[in-house]
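What follows is a single structure, written as structure tokens, with notes after it.
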Amino acid sequence: MTDLTKLSLTAAREGLAQGEFTSVELTGAYLDAMEQARALNAYVLETPEKPLAMAAESDKRMAAVEGGLLEGLPLGIKDMFCTEGVPTTACSNILKTFVPQYESTVTANLWKAGGVMLGKLNNDEFAMGSSNETSAFGPVISPWRRDGDTTPLVPGGSSGGSSAAVAAYLCAGATGTDTGGSIRQPAAFTGIVGIKPTYGRCSRWGIVAFASSLDQAGPFARTVNDTALLLGAMAGYDPKDSTCVNRPVPDYVQAVGASIKGKKIGIPREYRVDGMADEIDALWKSGAKWLEEAGAEIVDVSLPHTKYALPAYYIVAPAEASSNLARYDGVRYGVRVPGRDVVEMYENTRAAGFGPEVRRRIMIGTYVLSAGYYDAYYVRAQKVRSLIKGDFDAVFSHGVDAILTPTTPSPAFGIGEKMKADPVEMYLNDIFTVTVNMAGLPGISVPAGLSADGLPLGLQLIGRPFEEETLFSLAEVVEEAAGRVSVEDLWWRK
Ligand code: GLN
């Protein structure tokens with residue numbers, strides 16, 4: 001039998017439906033692969049009995065011809081999603097003992113569709129980071145390496161466990177969350193597809209909150225078609241999240257392969273940043289050419305407030321984080337470190353529970369929200385946010401259907417390379433992705449080629465609100481033209 005872990009979700013679904021193999025067999029193949037890949041540190045919790053039990057149930061439903069959209073397909077879950085009875089830590093010491101009594105809406109939707117949970121995936125602590133190096137469980141190592149070089153590389157972040165696991169065939173698809181790029185950037189670094197849907201498309205209920213006005217859940221998979229399939233199952237109205245929008249979920253899979261003739265694609269001139277590598281620029285031009293050859297019209301557009309996006313994001317996100325993280329006080333959740341009185345208990349608990357990046361964000365957030373600085377920083381950043389959204393609205397009101405940009409300014413970097421330096425260096429990685437969260441828009445990253453030293457590079461397509469279908473159609477064209485990139489050398493198994 002061929003290696004079952006190499007199948008796309010769509011092919012695996014077909015194989016299951018045809019009775020070529022069972023979900024128990026498929027799940028078993030992934031569990032074996034996970035066991036051989038501990039060196040990557042992609043999973044923070046493996047729950048082997050659970051997936052095998054879920055797969056057995058799934059096989060029964062399949063036999064009774066009651067299979068759902070994702071029936072029997074093994075998935076990995078970012079450790080930001082609460083999973084009932086299964087520890088959920090946000091990869092923070094402060095939540096190491098937390099076992100949720102409830103299931104997040106997104107994961108509940110996946111299980112309702114027949115998905116099988118393989119385990120919980122590593123991420124940056126509370127999803128704060130761009131490299132998965134801030135996790136309390138240690139960094140994730142990318143399955144990718146530069147040509148002829150064994151330097152360990154980052155898989156991107158914050159959803160680095162998800163991206164590494166999908167790229168290394170340790171799950172067929174995975175969930176992620178994206179507050180400033182945490183789905184798109186790791187997808188780009190590992191040569192897979194990731195989509196952050198429109199704010200409000202997926203429920204945030206049961207997802208550990210980072211910055212509530214920016215957080216969105218979305219899928220990772222190895223093909224555009226697979227991400228479309230997953231998003232269809234994850235999305236939908238949920239009265240438990242007041243920002244979740246009540247509109248029907250389209251058939252995203254249908255959009256894959258739809259004609260893009262006449263679609264107007266904007267190329268924003270402000271994204272041509274100083275010092276951008278030539279190969280990124282070349283990739284961007286190829287992307288535009290592929291879309292044009294498929295019948296799209298390419299136009300230059302301007303998003304004049306782009307240069308303020310990163311500074312404004314790094315005020316809004318920490319502000320919301322400092323407020324969201326106030327709940328970890330040693331009283332109601334997870335870890336408690338006693339003190340002489342309640343204040344000292346709070347201090348001891350939070351000092352022991354939070355890592356340096358999270359502490360930095362809490363301090364910045366508390367500062368920008370404090371009485372004397374609220375107007376100067378927080379209110380200003382919110383105004384900038386409106387201007388950024390206004391830039392996109394203006395472009396879309398001129399008939400532009402989507403915007404094409406690189407996903408990241410560079411390919412993946414080495415573990416430790418940017419952690420030692422000034423934290424701003426790490427923040428600069430989000431330059432092309434944060435604008436999309438600030439404006440609440442959907443964005444997809446699709447692999448578009450390899451760098452000179454053999455690492456994946458991604459292109460980002462940004463769409464109008466709730467027009468994820470357009471993104472899937474366009475991304476499919478890029479995927480077809482660029483050809484799939486995949487890890488050939490499974491070095492971690494040796
Ligand atoms: N890298 C960004 C940050 O550190 C975005 C993280 C995310 O999207 N969760 O805030």
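The values are calculated or read from the model by the stated rules, or taken from the named source; none is laboratory data. Nothing here was measured: the structure is a model prediction, and the numbers come from that model. Every residue, glycine as well, gets a Cβ built from its backbone with ideal geometry; the counts of neighbours run over all protein chains shown.
For the reader, a short list of remarks on this structure follows.
- A Cβ distance below 6 Å, combined with a sequence gap of six or more or placement on separate chains, defines the contacts here; from region 144-168, residues that are over 22 Å from ILE431 (Cβ atoms) reach residues that are in a helix (DSSP H, G or I) and within 16 Å of the ligand (Cβ to nearest atom) in the pairs ALA167/THR190.
Let's see how each residue does on (1) of a type outside the set (A, V, I, L, M); (2) modelled with pLDDT under 95; (3) within 24 Å of the chain's Cα centre (by Cα); (4) away from the ligand (no atom under 16 Å from the Cβ):
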{"position": "VAL256", "(1), (2), (3), (4)": "no, no, yes, yes"}
{"position": "GLY262", "(1), (2), (3), (4)": "yes, no, no, yes"}
{"position": "ASP300", "(1), (2), (3), (4)": "yes, no, no, yes"}
{"position": "PRO311", "(1), (2), (3), (4)": "yes, no, yes, no"}
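- Listing of helices (runs of 4 or more DSSP H) fully contained in region 410-494 that carry 1 or more residues being of a type in the set (A, V, I, L, M), touching a strand residue (DSSP E or B) at 6+ places or on another chain (Cβ under 9 Å) and within 19 Å of THR198 (Cα to Cα): 434-439, 468-482
- Residue ID - farthest from GLY443 (Cα to Cα), chosen from residues in region 359-405 that are part of a helix (DSSP H, G or I) and polar (S, T, N, Q): THR366
- Residues in region 126-162 that are acidic (Asp, Glu) and either farther than 16 Å from ALA42 by Cβ or out of contact with any Gly (no Cβ under 9 Å at 6 or more places or on another chain) (or both): ASP147, ASP149.
- Subset of region 140-157 (residues that are more than 15 Å from the chain's Cα centre (by Cα) and either on the phi > 0 side of the Ramachandran plot or within 13 Å of the ligand (Cβ to nearest atom) (or both)): GLY148
- Selection count where residues are outside any loop (DSSP other than H, G, I, E, B) and either under 10 Å from the mean Cα position of the chain (by Cα) or surrounded by fewer than 24 Cβ atoms within 10 Å (Cβ to Cβ) (or both), scope region 189-226: 10
- Restricting attention to region 165-178, the residues that are within 16 Å of the ligand (Cβ to nearest atom) and among the small types (Gly, Ala, Ser) add up to 2.
- Within region 1-14, being part of a helix (DSSP H, G or I) and surrounded by fewer than 20 Cβ atoms within 10 Å (Cβ to Cβ) holds for THR5, LYS6, THR10, ALA11, GLU14.
- Qualifying residue in region 251-262 (condition: within 15 Å of ASP401 (Cα to Cα), of a type outside the set (Ser, Thr, Tyr), touching a helix residue (DSSP H, G or I) at 6+ places or on another chain (Cβ under 9 Å) and free of Cβ contacts under 8 Å to residues at least 40 places away in the same chain): no
- So GLY181, is it of a type outside the set (Ser, Thr, Tyr), away from the ligand (no atom under 16 Å from the Cβ) and not in a strand (DSSP E or B): no
- The number of residues in region 440-457 that are within 16 Å of the ligand (Cβ to nearest atom) and buried (at least 24 other Cβ atoms within 10 Å of the Cβ) comes to 5.
- Among the residues examined, GLY160 qualifies as within 15 Å of the ligand (Cβ to nearest atom), at negative phi and either small (Gly, Ala, Ser) or surrounded by 24 or more Cβ atoms within 10 Å (Cβ to Cβ) (or both).
- ILE315 being within 25 Å of PRO87 (Cβ to Cβ) and within 16 Å of the ligand (Cβ to nearest atom): no
- The numbered conditions (1) away from the ligand (no atom under 16 Å from the Cβ); (2) among the aliphatic types (A, V, I, L, M); (3) in a loop (DSSP other than H, G, I, E, B) are all true for ALA136 except (1).
- Condition broken by GLY334, with the remaining ones in (1) closer than 29 Å to TYR377 by Cβ; (2) more than 16 Å from the ligand (Cβ to nearest atom); (3) crowded, with 18+ Cβ neighbours inside 10 Å satisfied: (1)
- Filtering region 79-112 to residues that are over 19 Å from GLY236 (Cβ atoms) and of a type in the set (Lys, Arg) leaves only LYS96.
- Of everything in region 84-132 that is β-branched (Val, Ile, Thr) and within 30 Å of LEU69 (Cα to Cα), the residue that is farthest from the ligand (Cβ to nearest atom) is VAL116.
- Qualifying residues in region 45-58 (those that are in contact with a helix residue (DSSP H, G or I) (Cβ under 7 Å, 6 or more places away or on another chain) and either in a strand (DSSP E or B) or surrounded by fewer than 22 Cβ atoms within 10 Å (Cβ to Cβ) (or both)) - the one modelled with the lowest pLDDT: PRO48
- Residues (in contact with an Asp or Glu (Cβ under 9 Å, 6 or more places away or on another chain), farther than 28 Å from PRO87 by Cβ and not hydroxyl-bearing (Ser, Thr, Tyr)) located in region 194-245: GLY200, VAL224, ASN225, ALA228, GLY232
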